[in-house]
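Down below is the structure, laid out as structure tokens.
The values are calculated or read from the model by the stated rules, or taken from the named source; none is laboratory data. Please read these numbers as outputs of a predicted model, since none were measured by experiment. Virtual Cβ from ideal backbone geometry, glycine too; neighbours counted across all protein chains shown. Note: accessible area is taken over every heavy atom of the protein model, side chains too, but ligands, DNA and RNA are not part of it. Shrake-Rupley method; radii C 1.70, N 1.55, O 1.52, S 1.80 Å.
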Amino acid sequence: MLDAVLSQSLTRLVVSTRGRRFHDITADVEERVAQAGVRTGLCTLHLQHTSASLLIQENADPDVRRDFETFFSRLVPDGAPMFVHTVEGDDDMAAHVRTALTTVNLSVPIADGHLALGTWQGIYLWEHRQSAHRRTLVIHILGE
Amino acid sequence: MLDAVLSQSLTRLVVSTRGRRFHDITADVEERVAQAGVRTGLCTLHLQHTSASLLIQENADPDVRRDFETFFSRLVPDGAPMFVHTVEGDDDMAAHVRTALTTVNLSVPIADGHLALGTWQGIYLWEHRQSAHRRTLVIHILGE
Amino acid sequence: MLDAVLSQSLTRLVVSTRGRRFHDITADVEERVAQAGVRTGLCTLHLQHTSASLLIQENADPDVRRDFETFFSRLVPDGAPMFVHTVEGDDDMAAHVRTALTTVNLSVPIADGHLALGTWQGIYLWEHRQSAHRRTLVIHILGE
């Protein structure tokens, strides 16, 4: 166990999305980790929305992101007749379900001053609404 | 970074469910945060079960919860012939799968003495069994 | 609130998988908690891969794991014609989607020196590729 005194920081990150797609936020989160000056610790991201989500996935091949979109669009079709909640548009209830099937919060350890992600992992904000939105993440960083 | 000494608390929350539906536990968790006296920190919830889950979702429109139920009931039908594990009833294996597709633990930052949830976010315990159950959450609060 | 000084540890756990199946890592994680000497705290697991995932599920009945495999194999079929990303084999894109539908990180509180899991809960590394792989987890333990 490490004996140094732990400290924490809490910041916000605002992402302007361009509609339904993956937005790579890895570099933005890394920047917050660097600013916090933590070498060893834990970084928790919480997205304050119910129709966009967080996903750690392959950062190399754009086909992977395209296939994700294809799969989820078929699994949870926009405007599916089963949905009652349609006041905010055909894509709204589908966006809620897609969010629930993925997640709105993540905790990633920090090692040697960086997020302890695997070689092929990136952190994505996945916008599930068709139109552009302004999304806010709360970032909690703890460590020493 | 904040320099004050961090402390932690660990408590349990028992929820008596009324069968398959969403149970809003936001106020119960907020109460634990207030009791811990933490202004800035991190709150982690862990549900100690395999047939109920935790979900952060829209807290405004009951139609959203109804549509979630509809979607998941079709995606993972109770008593689906593909399932072998049926000793505890038709809804048991479906409950396990629904739990895996969502989650049993969540970490939400604490800001200004409150969970840093978005305006439209509530924390729900989603009971996936048809009958009422007594469910236990472990709540870890860390901060200053 | 507990006033003792918090400390943290960061270790790695390597799991050699035997292809697509559940690998119970509960005892390995418990061993790390014991080594860290933490009685009360929080344990966060992060899996550094995009085609295997972490799952807390029923540890008693092997039929549950078999049914999980059946369900996910039908929901996300290997080699589905909708997928474009096929360079690494028929099971690769399916493995990414299965990972996204579950999770790569988990945070479980520590109580009385043990993971605060429910009686029926085990922690599994779920290998989604057909062939054996070497998978690395980063384990962050915090507490006193």
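I'm trying to understand the selection: among the residues of the stretch A:48-58, which are open to solvent by less than 20 Å² (accessible area, probe 1.4 Å) and either more than 29 Å from C:Gly79 (Cβ to Cβ) or at the interface with another protein chain (Cβ under 9 Å from one of its Cβ atoms) (or both)? Once the filter is applied, which keeps residues that are open to solvent by less than 20 Å² (accessible area, probe 1.4 Å) and either more than 29 Å from C:Gly79 (Cβ to Cβ) or at the interface with another protein chain (Cβ under 9 Å from one of its Cβ atoms) (or both), the stretch A:48-58 yields A:Thr50, A:Ser51, A:Ala52, A:Leu55, A:Ile56, A:Gln57, A:Glu58. Every test in (1) in contact with a Cys (Cβ under 9 Å, 6 or more places away or on another chain); (2) open to solvent by 50 Å² or more (accessible area, probe 1.4 Å) is passed by C:His140 save one, and that test is (2). Taking the stretch B:33-47 as the range and being surrounded by 20 or more Cβ atoms within 10 Å (Cβ to Cβ) and not β-branched (Val, Ile, Thr) as the test, the residues that pass are B:Ala36, B:Gly41, B:Leu42, B:Cys43, B:Leu45, B:His46, B:Leu47. Scanning the stretch A:114-124 for residues that are more than 22 Å from B:Ala116 (Cα to Cα), open to solvent by less than 10 Å² (accessible area, probe 1.4 Å) and more than 7 Å from every other protein chain (Cβ to nearest Cβ) gives a single hit, A:Gly122. Residue-level check: of (1) over 23 Å from A:Arg66 (Cα atoms); (2) surrounded by 19 or more Cβ atoms within 10 Å (Cβ to Cβ), C:Phe72 misses just (1).
When restricted to residues that are closer than 20 Å to C:Val84 by Cα, polar (S, T, N, Q) and not in a strand (DSSP E or B), the stretch A:31-67 contains 1.
Since B:Asp61 meets every condition but one in (1) modelled with pLDDT of 95 or more; (2) open to solvent by less than 50 Å² (accessible area, probe 1.4 Å); (3) at negative phi; (4) away from chain C (no Cβ under 14 Å), which condition does it not meet? The single condition B:Asp61 does not satisfy is (1). Please verify whether A:Gly41 is closer than 20 Å to C:Leu137 by Cβ, free of Cβ contacts under 8 Å to residues at least 12 places away in the same chain and either acidic (Asp, Glu) or at the interface with chain C (Cβ under 8 Å from one of its Cβ atoms) (or both), treating the condition exactly as stated. So A:Gly41 does not fit the description; no.
With respect to A:Val5, determine if the residue is within 14 Å of chain B (Cβ to nearest Cβ), farther than 30 Å from C:Gly37 by Cβ and open to solvent by 20 Å² or more (accessible area, probe 1.4 Å). In short, no. Any idea how many residues of the stretch A:8-30 are part of a loop (DSSP other than H, G, I, E, B) and open to solvent by 70 Å² or more (accessible area, probe 1.4 Å)? Here the count works out to 1. Among the residues making up the stretch A:75-110, those that are open to solvent by 20 Å² or more (accessible area, probe 1.4 Å) and within 12 Å of chain C (Cβ to nearest Cβ) are A:Leu75, A:Thr103.
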